[in-house]
Amino acid sequence: MRIEQLTYSIGAELTDVKLADAVHDDGLFAGIREALLKHRVLFLRDQDITREQHVAFARRFGELEDHPVAGSDPEHPGLVRIYKTPEQPNDRYENAWHADATWREAPQFGAVLRCVECPPVGGDTMWANMVLAYENLPEHVKTQIADLRGRHSIEASFGAAMPIEKRLALKAQFPDAEHPVVRTHPETGEKVLFVNAFTTHFTNYHTPARVRFGQDANPGAGELLRYLISQAYIPEYQVRWRWKKNSIAIWDNRSTQHYAVMDYPPCHRKMERAGIIGDKPY
């Protein structure tokens, strides 16, 4: 297996390797996992694997989870189908920087995403290194956010366009989760800036040490949250991947965010993602 680093900050392409082999080859899988921790997102071309092999490889990292809104393959639970077609003009929104399922108490460990069909041009995906985003924050901001916690909501994102009854039922099933604004990566010990498009507000900002008058909390807290979320937008932290059929991306959801670029209508873009159950951030 050859590993080619794609940018200074994030991403590497693996060549001379078949993911189907890693389902049974412990040494190969260990090398892939080590590369994932180092580069945060890995890319492979020409991986003509079956859905069974896709799921089996992803399960080597951990058990898989379904998505309550996006549809899964009925024969392969945990394999979420992200299918965009010209016949779905109102179902094309993807373009927000986020980490998957941070509205869960235990967000995803990561995911394995395979391109089934893609447009001739456009439809790229971008990833950002949120460890580097934290490291490069001004020291006074690091001090300010060290103990802050944020609320993450599926109701305010996937549920927002639903009828109120369905939205409230979704929230009842998945109550808003609260996570540290700066989480610790459970394997590397790195500090990670952990706010994204699912984060609605800080839950412990309004204290005497931070708030003298109402303006300190509103708009003060909102402006700080928007500033932190915007760190993923910085190109120096990013890598951009152009999809081809049977290309695969594997990413560490604990230390990255990603953005699906919606610049391909009216075309088909069909992706299948195996999301891996993670741990509760601390």
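What to note about this one:
- Between the range 155-180 and the range 237-253, the Cα center-to-center distance that results, in Å: 29 Å
- Relative to the longest principal axis of the Cα atoms of the chain, the long axis of helix 164-173 makes an angle of roughly 80 degrees.
- When you count the other C-beta atoms within 10 angstrom of each residue and take the mean per peptide, 251-261, 38-48, 116-126 line up highest first as 251-261, 38-48, 116-126.
- Contact order, relative form, for the chain: 36 percent (alpha carbon pairs under 8 Å, 6 or more residues apart, mean separation divided by residue count).
- Helix 26-39 and the long axis of the chain differ in direction by around 40°, with both axes built from C-alpha atoms.
- Cα gyration tensor, the range 169-273 - rounded (a/c under 1.5), prolate or oblate: prolate
- Order by protection proxy (mean Cβ within 10 Å, highest first), peptides 175-181, 205-211: 175-181, 205-211
- Shape parameters for the chain, alpha-carbon atoms, Rg then Dmax in Å: 19.0, 61
- Cα radius of gyration and Dmax for the range 2-56 (Å): 11.4, 34
- Using the Stokes-Einstein relation with a Kirkwood hydrodynamic radius computed over Cα pairs, the translational diffusion coefficient of the range 164-218 at 4 °C and a viscosity of 1.567 mPa s comes to 92 µm²/s.
- Relative to the longest principal axis of the Cα atoms of the chain, the long axis of helix 220-229 makes an angle of roughly 20 degrees.
- The order of the peptides 108-114, 198-204 by mean Cβ neighbours within 10 Å, most packed first, is 108-114, 198-204.
- Label-point separation, Ala160 to Asn136 (7 Å along Cα→Cβ), nm: 2.7 nm
- For the range 46-190: relative contact order, % (alpha-carbon pairs under 8 angstrom, 6 or more apart): 19 percent
Values quoted throughout were computed directly from the atomic coordinates according to the rules given, and no laboratory measurement underlies them. What you see is a predicted model; the values in this text were computed from it and never measured. All Cβ positions, even for glycine, are placed from backbone atoms using ideal geometry, and neighbour counts span all protein chains on display.
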